[in-house]
Every structure is written in C-alpha cells, then in structure tokens.
1. Given contacts defined as C-alpha pairs under 8 Å and at least six residues apart, what's the relative contact order of the stretch 309-449, whole-number percent?
2. Need one word for the stretch 2-87: rounded, prolate or oblate. Basis is the Cα gyration tensor (sqrt eigenvalues a ≥ b ≥ c); a/c below 1.5 gives rounded, then a/b vs b/c decides.
3. State the Cα centre-to-centre distance between the stretch 374-396 and the stretch 311-334 in whole Å.
4. Label-point separation (nm) for E84 and R2, each offset 7 Å from Cα along Cα-to-Cβ?
5. May I ask you to list the GluC sites (Glu not before Pro) in the stretch 396-450 that are in a DSSP loop and have at most 10 other Cβ atoms within 10 Å of their Cβ?
6. Measure up K114/K310; K39/K338; K178/K331; K240/K271; K39/K101; K44/K329 against 27 Å on the Cα-Cα distance and list the ones that go over.
7. Using only alpha carbons, build the gyration tensor for the stretch 95-298 and give me the equivalent ellipsoid semi-axes, biggest first, whole Å.
8. What is the percent of Cα-Cα separations in the stretch 75-126 that go past 14 Å?
Amino acid sequence: MRVHFIAIGGSAMHNLAMALHDKGDIVTGSDDEIFEPSKSRLAKRGLLPQDYGWFPEKITKELDAVILGMHAKSDNPELLRAKELGIKIYSYPEFLYAQSKNKTRVVIGGSHGKTTITSMILHVLQYHNKDVDYMVGAQLEGFDVMVKLTDANDFIVLEGDEYLSSPIDRRPKFHLYKPNIALLSGIAWDHINVFPTFENYVEQFDVFLEQITAGGAIIYNEEDPEVKKVVERTASLIKKYPYRTPEYTIENGQTLLETPEGPMPIEIFGKHNLNNLEGARWICQLMGVDANDFYEAIATFSGASKRLEKITESGTAVAYKDFAHSPSKVKATTQAVKDQYPDRKLIACLELHTYSSLNPEFLKEYQGALDAADSAVVFYSPHAVMIKKLEEIKGEQIDEAFGREDLIVFTNPADFKTYLYSQNFENTALLLMSSGNYGGLDFNEVKTYL
C-alpha cells in the first residue's frame, strides 16, 4: 500500500506510520511541527518529512489511502486535495479497524487504566512468546513500537480511547473497533470540552458495548458502580464476566499478590493497579493463557511509561512520576503511594494541565483527590489557561476545589522548582503527577536532590 499521513508527528500517528513501514508499505507524511521522540524515531526509518508544512502536491492518485491525525484542521490543504481526488481518507481508528477486520479484536476501554491493562496483557503474551498485533498508548520495555500490524497474527489488542477520531470524524475512537472481546475498567467524567455533561460521557460507553460483536464478551470491573450499571443495562447479545480487585498485602514496601500458589511479590503496587491486573488476567485467559502462566509473567511487569514510574530511590526517599490528571486517577495514585509507604511523609504534586482540569466548572471534581498526601501541591500555568481560552482561575478556587486548607498552589515554574528542591526528603515519598512537565521541570534533575 501507498499511505500518506497528514500530521505524522503525533504520538499515535508516528507509531502507526512506523508499523506500516515495518510491514513493507510505502509511507509518506507531513506536519507543521514534530517534536521528540517522534522526530528521531521517524528519521531513523527515513520517514521524517524534509520540510515542515502542508504540501498538496504530495497528494496524488497513486496513493491508496490518507490517514488524518487529530492535530490537523478540517481545512488542511492536503486533506482538501485528497477529497478532491477521491482518495480514501481514514481516521486513525478507522484505519486500524480496516487492517484488523479478519482478526479477533480485543479492545480495552475505560476512563482510566486502559494503557496499564493493555501493557500488562502485551507483557504477558510476549513473555510466553505469543505474537499478536497491538496498539498501546505508552512506550513499553522490550517493545520497539507502540503499534504493530501484520498479515499473519490472529489477535490484535487495542487500547480503546474515548476521545474523538479525527477533525472530520467526531465519533469516539473506541466506537470504531467493533471488539470481539472488550474490557471496561472504570467510568469517571473526562474530556468535558467534548462531553459537556456526565450523562453524555457515560452514553459513549453504552455505545461501546453496543459495538461488541454478537456472541462476544465484556470483561468488566464490578467494583465501579457506573461500569456495573452500563453493563447490566446493555441489551447486546454478549457474555459478561465481572472482575474485582484480588487479595493482596503490603510488607515492608513490597506488595504481595495472593495466588493459588500462595503470596507472590510483584513490582507494581496500588489497589487500582491490582484491579487492572485482574482485568488483564481475565483477558489473557480468553486469549489462551492459563492462570499459572499469567502469574509467572506478571511478576516481572514493572509498569508502563509514566504510570507510577519510579524516578529514583535512595536509602530513605523515593520519587515517582505518573500521568494521572483526572480526579479519580489522582486520588487512586496518591492513595496507592501512601499505602505503599505508610510510614513516610508523602509530598504529592499535581499539575493541572488538560482542558478539563483547567476548567473552573470541572475543578470541583477534585474534591478530596489529594487527601492521602501529607503535603499537597498544585501547579498550573495561567498561560495554559489563556491558550485554551478558558476563564481565569484564581488560587482561592483551587483551594476550595481540593478542600484542603494547607494546599500549596504555584503558578510560576521557577517558584515551584525552588519549593521542590528546598524540601528535606529524608523518610519521604515524592509523587509528581502530570501530563505535562510543570513548565519545564527536568525529571532527571530530581534524582540529584533525593
């Protein structure tokens, strides 16, 4: 196939471009800006555009398909040219479905835990040399790319994101995959710029279940009341398998998972991660991996990139970074670190960085999210609020939203860094939660202060 990517530099897009190149397809692309690590990874395969910008002359009748990324606009000149020539235009998820119509599609959905569960499944399958196609939202140890497509593999495992498919396709991505086997981990309101009410957001998961093929299966977290409601009310002719958090203990900072063979030490921790693990176990079982083989493999799983990723550890201090930004994930992650290190002071720092988290109306959803921390810090950039064209947020609104009188709020990156590096980290656990970088914080530099 000859495939052209409009906005090839995106995290998902560049991985798909590399997957097709590795498969033997002829791949080209354009973008108006490309950052690391996409830039180096595309260059390594000879896929980096020579010049930045949009070039309609790249769109010719020789192309079999154009894949449109979310970063592009609906009036993109290359997109308009593709329409003019009648070339097939795919959104990212639409193309993945087209490539996997004849495979067994396993789709992992939910407001949180998607990446971790998908990563666990892939780790277990790779450990046992079971080759599958996949798409996952984080870089995994032992995997060169985040997307793999072949003609030979029977299974494809897809992380099912509920965000929009493309600038000209407003359907959530996970509505397009039509899973044979699906998982639903949790529902907590997010993406309020697209789903303005909680009811509207939940409705997307109703549709997700409707898309499961007849006779297929849904694995669902029965501890989440919204998930339970959505699954119980679906009229789809599918099998329903509930799961819940397995038994576990924590001894001297080590989490032990209860298994049929007795307590087993694992590298990950936190109730939410143990819950994710159980969901992954069910999926692996339906893919032909028995419980004993699953436990053997999962014992070596150290986590997905930026998901409770350990930055550094010294004798009496440890630091983690996490992608957490939604209220439910912030609460679960903060509690997990406190449970793992109950005798240490927990300094939890959260950057409000996404559209939802910077919306004054949505802020109240963070009530109590940082309560497990001994010291709670929130950073946000007024410039980011301005760029997103949102109402100005004042420090008092943040205080009121989180419900902590001792909350420390920073809006200046230099002030935040000064605060952070002036702390005494003896007998401390530091947790840095953000989908950004606190206005330029070097996470490697943190290591020198612990």
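1. Value for the stretch 309-449: 37 percent.
2. Oblate, because a/c is 1.5 or more while a/b does not exceed b/c.
3. 20
4. Each label point lies 7 Å from its Cα, and together they span 1.8 nm.
5. Numbers: sites: E396, E400, E405, E426, E445; in loops: E405, E426.
Passing both the DSSP loop test and the Cβ count: E405.
6. K39/K338; K178/K331; K39/K101; K44/K329
7. Numbers: eigenvalues 140, 87, 51 Å².
Output for the stretch 95-298: semi-axes of 26, 21, 16 Å.
8. Cα-Cα pairs of the stretch 75-126 separated by over 14 Å account for 70 percent.
Throughout, read-outs are computed from the coordinates displayed, never taken from laboratory work. Everything quoted here is computed from the prediction, not taken from an experiment. Methodologically, a virtual Cβ is constructed for each residue, glycine included, from the backbone with ideal geometry; neighbour enumeration extends over all protein chains shown.
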